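Beneath this line is the structure, given in structure tokens, with notes to follow.
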Amino acid sequence: MLLKANETNHCFGCGGANARGMQLTFEQDDATQRIRGAFRLSADYQGGAGFVHGGIIATLLDEVMSKVSRFREDHAVTAELTIEYLKPVPVDGELVVEGWEVERNGRSLLRAGEIRDASGATLARGKARFVQIDLEVLRRKLGAREQARH
């Protein structure tokens, strides 16, 4: 299943409503329970000359790992994110980003992800802990904060 950028979402990574965002599209593979994306990032996302910025690499991995929530319809936020930068990620190179679940422990969801080049070499690896949230509780809290401001 193709996961296109949501036109009403302002997320920098996957939101379609953010003109300055990356507007990332992923594929949901139900058989393997993995999320994948294929990208070619332009020099707009460059750090050192010819290479993708480390923060953008972290963003790609965070996004692909967060999308794993779709398999169980979890609502979760990133609590911890660790990135291993193994090799420079070239600008304009073909990249495959993949994320999957490692473990569940109550509300704590452990995920892993990788960025690979066209030859399959792993360029960066990520691990993250996401925490499940109750959207209704969050909406009530945000609404109460908004009311308190006025």
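Every number here is computed from the coordinates shown, using simple stated rules; none is lab data. Being a predicted model, the structure only gives us computed values, none of them experimental. Cβ: placed from backbone, ideal geometry, glycine included. Neighbour counts: every protein chain shown.
Among the residues of the stretch 40-55, those that are free of Cβ contacts under 8 Å to residues at least 24 places away in the same chain and either small (Gly, Ala, Ser) or surrounded by 20 or more Cβ atoms within 10 Å (Cβ to Cβ) (or both) comprise Gly47, Ala49, Gly55.
Residues of the stretch 27-36 that are surrounded by 13 or more Cβ atoms within 10 Å (Cβ to Cβ) and free of Cβ contacts under 8 Å to residues at least 60 places away in the same chain: Glu27, Gln28, Asp29.
Is it true that Lys141 is surrounded by fewer than 18 Cβ atoms within 10 Å (Cβ to Cβ), charged (D, E, K, R), over 18 Å from Asp30 (Cβ atoms) and in contact (Cβ under 8 Å) with a residue 24 or more places away in the chain? So Lys141 does not fit the description; no. Restricted to the stretch 66-84, and to residues that are of a type outside the set (Lys, Arg) and more than 20 Å from Ile115 (Cβ to Cβ), which residue is surrounded by the most Cβ atoms within 10 Å (Cβ to Cβ)? In this case the residue turns out to be Ala76.
Within the stretch 13-24, residues that are within 17 Å of Gly55 (Cα to Cα) have Cβ atoms under 9 Å from residues that are of a type in the set (Phe, Trp, Tyr) in these pairs: Cys14/Phe26; Arg20/Phe12; Gly21/Phe12; Met22/Phe12; Met22/Phe39; Met22/Tyr45; Leu24/Phe39, counting only partners at least 6 apart in sequence or on another chain.
Exactly one residue out of Arg116, Arg111 is in a strand (DSSP E or B), under 26 Å from Gly48 (Cα atoms) and basic (Lys, Arg), and it is Arg116. Pairing each residue of the stretch 85-110 that is closer than 15 Å to Leu41 by Cβ with any residue that is of a type in the set (Asp, Glu), provided the two are 6+ apart or on different chains, yields C-beta distances under 7 Å for Gly93/Asp117; Glu94/Asp117; Leu95/Asp117.
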